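The values are calculated or read from the model by the stated rules, or taken from the named source; none is laboratory data. What you see is a predicted model; the values in this text were computed from it and never measured. Note that we place each Cβ from the backbone using ideal geometry, even for glycine, and neighbour counts take in every protein chain shown. Accessible surface areas use protein heavy atoms only, side chains included; no ligands, DNA or RNA. Shrake-Rupley method; radii C 1.70, N 1.55, O 1.52, S 1.80 Å.
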Amino acid sequence: AQTVTQSQPEMSVQEAETVTLSCTYDTSESDYYLFWYKQPPSRQMILVIRQEAYKQQNATENRFSVNFQKAAKSFSLKISDSQLGDAAMYFCASFAGGTSYGKLTFGQGTILTVHP
Amino acid sequence: NAGVTQTPKFQVLKTGQSMTLQCAQDMNHNSMYWYRQDPGMGLRLIYYSASEGTTDKGEVPNGYNVSRLNKREFSLRLESAAPSQTSVYFCASSLKGRTEAFFGQGTRLTVV
């Protein structure tokens with residue numbers, strides 16, 4: 001089975017501050033990949049960041065970085081210097097290789113509000 | 001460059017009616033997906049096709065069928081619509097599942 005859990009339905013942050021969104025996952029596969037996607041009100045899905053499970057180094061993309069704790073099956077997203085344009089729904093997702101190859105599973109989402 | 005195209009964008013059905021949601025991608029992607037998005041439930045996988053000629057059930061396949069018509073097209077069929085199938089449906093594709101998934105604009109379906 002492959003599950004992704006986001007325990008924070010909503011989060012808020014002040015502009016220019018830092019916020020961390022939580023995600024835990026469960027998979028029986030040794031080969032898997034993790035993602036964070038952003039969904040603004042337009043409903044468009046935008047890839048924020050991607051992590052290969054076999055890499056120990058945490059992925060970073062400009063103001064976005066992850067804290068990947070493989071043993072704890074935790075994959076949190078840190079947004080630094082938050083901007084008004086960061087306000088959106090954020091989804092954590094996992095892709096399974098191995099016997100479940102091809103399955104891309106999403107979490108419940110976290111609504112991020114950015115206050116000016 | 002169209003990406004992933006879903007049709008229709010909006011649809012209202014009566015309980016018991018059938019319909020097919022169409023999805024096509026022009027990026028030569030191998031994997032395609034159908035999701036439904038409901039408030040508080042996130043994106044739930046209905047069916048996926050890891051490659052042309054294969055389809056597999058996701059988390060919530062009951063009441064749906066799919067067809068991977070060719071590499072470009074992946075359709076979702078509701079044989080007898082129920083109010084519980086009221087949702088926003090997304091089609092997505094990726095070159096390989098480990099790479100970025102591209103999404104269509106979604107179909108808002110209401111079953112009355």
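A few comments on the model shown:
- The trypsin sites (Lys or Arg not before Pro) found in the range A:1-89 that occupy coil by DSSP, while having at most 14 further C-beta atoms within 10 Å, are A:55, A:63, A:70.
- Of the two radii for the range B:30-91, the radius of gyration is 0.96 times the Kirkwood radius, both from the alpha carbons; that is the Rg over Rh value.
- For the protein assembly as shown, the tally of Lys pairs with Cα-Cα distances below 14 Å comes to 6, considering only residues 8 or more apart or on different chains.
- Per-atom-type breakdown for the protein assembly as shown gives carbon and sulfur 48% of the accessible area (1.4 Å probe, protein chains only).
- Averaged over its residues, the range B:25-98 has an accessible area of 41 Å² per residue, based on protein heavy atoms and a 1.4 Å probe.
- Distant alpha-carbon pairs in the range A:21-60 (separation over 13 angstrom), percent: 63 percent
- Amide N of the range A:39-53 lying under 18 Å from the label point, which is placed 7 angstrom from the Cα of residue B:26 along Cα→Cβ: none
- Beta bridge orientation in the protein assembly as shown: antiparallel %, DSSP, nearest 5: 90 percent
- Accessible surface, chain A, averaged per residue in Å² (probe 1.4 Å): 47 Å²
- Normalising by residue count, the protein assembly as shown has a Cα convex hull of 119 Å³ per residue.
- Using R0 = 45 Å, the C-beta based FRET efficiency linking residue B:54 and residue A:15 works out to 0.45.
- Hydrodynamic analysis of the range A:20-88 uses the Kirkwood radius over alpha carbon pairs. Inserted into Stokes-Einstein at 10 °C and 1.306 mPa s, it gives a translational diffusion coefficient of 123 µm²/s.
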